[in-house]
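Since the structure comes first, as structure tokens, the remarks are kept for the end.
The values are calculated or read from the model by the stated rules, or taken from the named source; none is laboratory data. As the structure is a prediction and not an experimental result, all values here were calculated from the model. We place every Cβ from the backbone using ideal geometry, glycine too, and count neighbours over all the protein chains shown.
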Amino acid sequence: MIKGNLRLLLPYEGTITAKSGIFLKAANTVFHNNRKTSPEAFLQAIAPYRDDIVVAAECMFVWYWLADVCAQESIPFVLGHALYMKAIHGGKSKNDKIDSHKIATLLRGGTLPIAYVYPREMRATRDLLRRRNYLMRKRAELLAHIQNTNSQYNLPEFKKKIAYKANRQGVTDHFPDPAVQKSIETDLHLLDFYDRLLNDLELSIVQTAKKHDAHMWYLLRSVPGVGKILALILLYEIHDIHRFPRVQDFVSYSRLVKCPRESAGKKAGTKNSKIGNVHLKWAFSEAACLFLRGNERAQQYHDRLVNKHGKGKALSILAHKLGRAVYFMLKRKEPFNMETFFAQP
């Protein structure tokens, strides 16, 4: 789907792909054309082939409406994993026409790498939560700018954390230069705005999460260090733990394992570290740091890992261990158990 058009190609019996889209029948292309990105145009194009058809689309940011139309019309829909498809059908030339044919060919041959079609009911809230995290990072940039400006002029450190609104009184006067004061005043006004906006967003998301899956949200909050926001991220990014047959699949999806490359018994480092869910990777990395706060047993375990592997790898191992714990918690529908977590294998 490029520039407002849906490219459809019908190549093989019972196959339609869309990234572009294709219809193929009896190994011959029976339809290959651009259509407007509207449900009416799409349904009109596939009308003669509705008896036995499968729709496939590349996992780009515009697949939502097509998946919803297919679900409403009871048409089988398959979502192709964009990164894996890039590795499979890389070629000398690339355009919508070529891509649509390759997607159809992969689907017909059973080699299309499949991505998860997130359900419509929770999809908008997940996107809202991701937007909230984006805004929170913008707020963090403002706080960092104030601290960096303070270091730039070699001024005394702030006595209290300016992340809290009550501690921002007199921050502007901390800087002698009028122009710098104006810059800091701008940052403070934006911080006040972000605080109000983020509080409203968080309240709305929490209320919606309790309607979607309150039990899972409370289970996730039983993990030490996993608070309201991290639990929301885990809930909406995982959605259904049963879509991961094994714990190895889950930690790989969460980017908690390395991807070794090996040939003829020789290792060639790692690659494809970006395949997986970046939001789960961030959540488990944060949870690993927060898990250590006030947790003496966890700190002792972490110290042993640091002595053996170094500080960076120790946190990665702890994040991986937390990921495995969350997987089995949700599978068994049991709260976090510290004794089980630290039990020797």
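Some observations on this one:
- Annotation note: Cβ proximity below 6 Å between a residue of the stretch 316-335 that is not assigned by TED's automatic domain parsing to the domain that holds ARG255 and of a type in the set (Val, Ile, Thr) and a residue that is surrounded by fewer than 18 Cβ atoms within 10 Å (Cβ to Cβ) and outside any helix (DSSP H, G or I) (sequence gap 6+ or interchain) occurs for no pair.
- Taking the criterion of being in contact with a helix residue (DSSP H, G or I) (Cβ under 7 Å, 6 or more places away or on another chain) and not in a helix (DSSP H, G or I), the residues of the stretch 159-186 that qualify are LYS160, LYS161, ILE162, ALA163, ARG168, VAL171, PHE175.
- In the stretch 20-33, residue modelled with the highest pLDDT [restricted to those that are surrounded by fewer than 20 Cβ atoms within 10 Å (Cβ to Cβ) and in contact with an Asp or Glu (Cβ under 9 Å, 6 or more places away or on another chain)]: ALA27
- Residue count for the stretch 62-94 under the criterion of being modelled with pLDDT under 90 and either hydroxyl-bearing (Ser, Thr, Tyr) or within 14 Å of ARG120 (Cα to Cα) (or both): the result is 3.
- Scan of the stretch 54-83 for residues that are β-branched (Val, Ile, Thr), in contact with a strand residue (DSSP E or B) (Cβ under 8 Å, 6 or more places away or on another chain) and under 19 Å from ASP96 (Cβ atoms), ordered by number: VAL55, VAL78
- Test result for GLN169, farther than 19 Å from GLY227 by Cα, touching a Phe, Trp or Tyr at 6+ places or on another chain (Cβ under 7 Å) and either hydrophobic (A, V, I, L, M, F, W, C) or free of Cβ contacts under 8 Å to residues at least 24 places away in the same chain (or both): no
- Filtered residue count, the stretch 270-289, keeping only those that are farther than 15 Å from SER254 by Cβ and out of contact with any Pro (no Cβ under 8 Å at 6 or more places or on another chain): 2
Table: residues versus (1) assigned by TED's automatic domain parsing to the domain that holds VAL326; (2) surrounded by fewer than 16 Cβ atoms within 10 Å (Cβ to Cβ); (3) over 30 Å from ALA82 (Cβ atoms).
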site: THR125; (1), (2), (3): no, no, no
site: TYR134; (1), (2), (3): no, yes, no
site: LYS165; (1), (2), (3): no, yes, yes
site: VAL171; (1), (2), (3): no, no, yes
site: LEU190; (1), (2), (3): no, yes, yes
site: LEU201; (1), (2), (3): no, no, no
site: ALA209; (1), (2), (3): no, no, no
site: HIS215; (1), (2), (3): no, yes, yes
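- Evaluation of PRO39 against (1) buried (at least 17 other Cβ atoms within 10 Å of the Cβ); (2) touching a Phe, Trp or Tyr at 6+ places or on another chain (Cβ under 9 Å); (3) modelled with pLDDT of 85 or more (one fails), failing number: (1)
- Condition check for SER252 on (1) of a type in the set (Gly, Ala, Ser); (2) assigned by TED's automatic domain parsing to the domain that holds GLN147; (3) touching a Gly at 6+ places or on another chain (Cβ under 9 Å): one failure, at (2).
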